[in-house]
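**Q** To start, I am sharing the structure in question, which I have written as structure tokens.
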Amino acid sequence: MPPAWVWGSFVVLVLGMVLSAVDNHSMISLHHGIKIAVIGACCCIAWCLTVGLSWRNRVFILRWVLAVVVGVFFASKAAPYGYYIDLGSAGREGSFLAWPGVIWKVGAFFMPLFLADMLIRPRDWLANGLAIAACVFLVVIDGTRTGILVLGMTVLAFGALLAWRRDWAALSRARPALAACVPALFGLLVFSAGVGYLGHGPSALPPPTAAGAGGVFMGKAEALVETAVDPVATTRLGNGDPERIRLLRNGARRAVDCLPLGCGFGATIMDSGYGVAMPVHNAYLGTLADFGVLGLAGMLGFIVAALVPIGRVLRNGMAGSEDTYFVVASAGAALAYLFSLMLHTFSSEMSEWGYLILMLAFAWLNDGACKVSSLTRS
């Protein structure tokens, strides 16, 4: 059974959605409330399935999931048509399994576990180096600003934890994995550019610039490398987003107008200039406007549920416990997901909530009991 902070947050959130549905005679709000209730039930199932898994097994499973996502992306890009998703001038890629805006989440939310394993099990340096490179690769090809911010925050958080523990020996042991990560990332980018060239022809590359003897070959090689590194050199962080600002202002106004029970699902939808009506890109503000104070309280409860394990291990497990890194990594990944909701819309899809449920289960579980201070060693 999940801890009270987890199932209680689901209960409060669903209650807010049901009350909003009744108050506004909104069947769609009730529909989404039922979906969240089903997700809460799936959370209990996931909790049971996670019981007894060692950290080594958890990391092993995540590696396979990552491998499937990367493999499907390359297979989709190599396919003639229909399976590979390219947003063109936006520089964002994905596959039929995970579209742009989705594919980055596997990399960003799984990478903390691979970083923790890199520090604890230096003998797995090659597997962890490849996994970290694959995580960064998925964020880069997606091009999402949220993913880039999450990666930066993850690296800073691990640096702060290492400094607090003064565990520089662990960082020294991780050097082989870090050294393997850089060429592996470059290799994935080049391979992706090559697959694009083979699948879509010369139009997938910029025009070659080399001339003279061997100019055609060298020109294509240069264009291939340029295409490979372009997603790294070009990000969307510096681009303004007035459409999201307008959505945010409208969301704030609607949240105030709809207190205390909310105005029902979709209360913040407006035409912001994207060409399609959209709700506010802030799940917490959107939840307050849609489902009122109770809905927002339920969402904030998940933040507390992610913070509690971190507080416990920092208070009780700082004295050399290797599991500290794994617990902080799992809870930190849950916090990263919750942070991303500040920049994205509220969702009632299991594919979205699955990241939060999985990472909270990893952070809390120890042989079926919600105790963090004495975690099972793998």
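**Q** Between Ala179 and Asp257, how high is the FRET efficiency from 1/(1 + (r/R0)^6) when r is the Cβ-Cβ distance and R₀ = 35 Å? Nearest 0.05. It would help to have the intermediate numbers written out before the result.
**A** Working: r = 55 Å, r/R0 = 1.58.
Computed FRET efficiency for Ala179 and Asp257 comes out at 0.05.
**Q** Report in % the part of the accessible area of the range 17-150 that belongs to carbon and sulfur, leaving out ligands and nucleic acids; probe 1.4 Å.
**A** Details: 4070 of 5610 Å².
Summing carbon and sulfur atoms, their accessible area is 73 percent of the total for the range 17-150.
**Q** Within 10 Å, count the other beta carbons around each residue, average over each peptide in 293-300, 262-269, 149-156, and list them highest first. Don't jump to the answer; show the numbers that get you there.
**A** Working: 293-300: 21.1, 262-269: 23.6, 149-156: 16.5.
My ranking of the peptides, most packed first, is 262-269, 293-300, 149-156.
**Q** Can you report the principal axis dimensions of the range 7-157 using only the alpha carbons, biggest first, rounded to whole angstrom?
**A** Result, largest extent first: 55, 43, 30 Å.
**Q** Hey, what did the range 33-118 get for relative contact order, percent, Cα under 8 Å, at least 6 apart? Before the final figure, lay out each step's value.
**A** Details: 48 pairs, mean separation 18.3, N = 86.
21 percent.
**Q** Hey, another quick one. Working with all protein chains in place, sort Tyr81, Tyr284 by solvent-accessible area computed with a 1.4 Å probe, largest first. Mind dumping the intermediate values first?
**A** Values: Tyr81 180, Tyr284 25 Å².
Sorted by accessible area, descending: Tyr81, Tyr284.
**Q** What is the extension gain from Arg246 to Val65, computed as 0.36 nm multiplied by their sequence separation minus the C-alpha to C-alpha distance, in nm to one decimal? Don't jump to the answer; show the numbers that get you there.
**A** Working: separation 181, 0.36 × 181 = 65.16 nm, distance 3.72 nm.
Result for the pair: 61.4 nm of gain on full extension.
**Q** With r as the distance between the Cβ atoms of Leu314 and Met27 and R0 = 41 Å, compute the FRET efficiency 1/(1 + (r/R0)^6) and round to 0.05. If you can, show how the numbers build up before the last one.
**A** Details: r = 45 Å, r/R0 = 1.10.
The pair Met27/Leu314 has a calculated efficiency of 0.35.
**Q** Sorting check: for 325-335, 188-198, which peptide has the highest mean count of neighbouring beta carbons within 10 Å, and how do the rest follow? Walk me through the intermediate numbers first.
**A** Details: 325-335: 26.0, 188-198: 18.5.
In decreasing order of mean packing, 325-335, 188-198 become 325-335, 188-198.
**Q** What does the highest-first list of 47-54, 172-179 look like by mean Cβ count within 10 Å? Before the final figure, lay out the partial values.
**A** Numbers: 47-54: 14.6, 172-179: 16.2.
Descending packing order for the listed peptides: 172-179, 47-54.
**Q** Would you rank Phe137, Phe60 by solvent-accessible area, highest first, keeping every protein chain in place and using a 1.4 Å probe?
**A** Numbers: Phe137 0, Phe60 110 Å².
Result, largest first: Phe60, Phe137.
The values are calculated or read from the model by the stated rules, or taken from the named source; none is laboratory data. Small disclaimer: the values here were computed from a predicted structure and weren't measured. When we count neighbours, we look across all protein chains shown, and the Cβ atoms used for this are built from the backbone with ideal geometry, even at glycine. Ligands, DNA and RNA are excluded from the accessible area calculation, which covers all protein heavy atoms including side chains. Shrake-Rupley method; radii C 1.70, N 1.55, O 1.52, S 1.80 Å.
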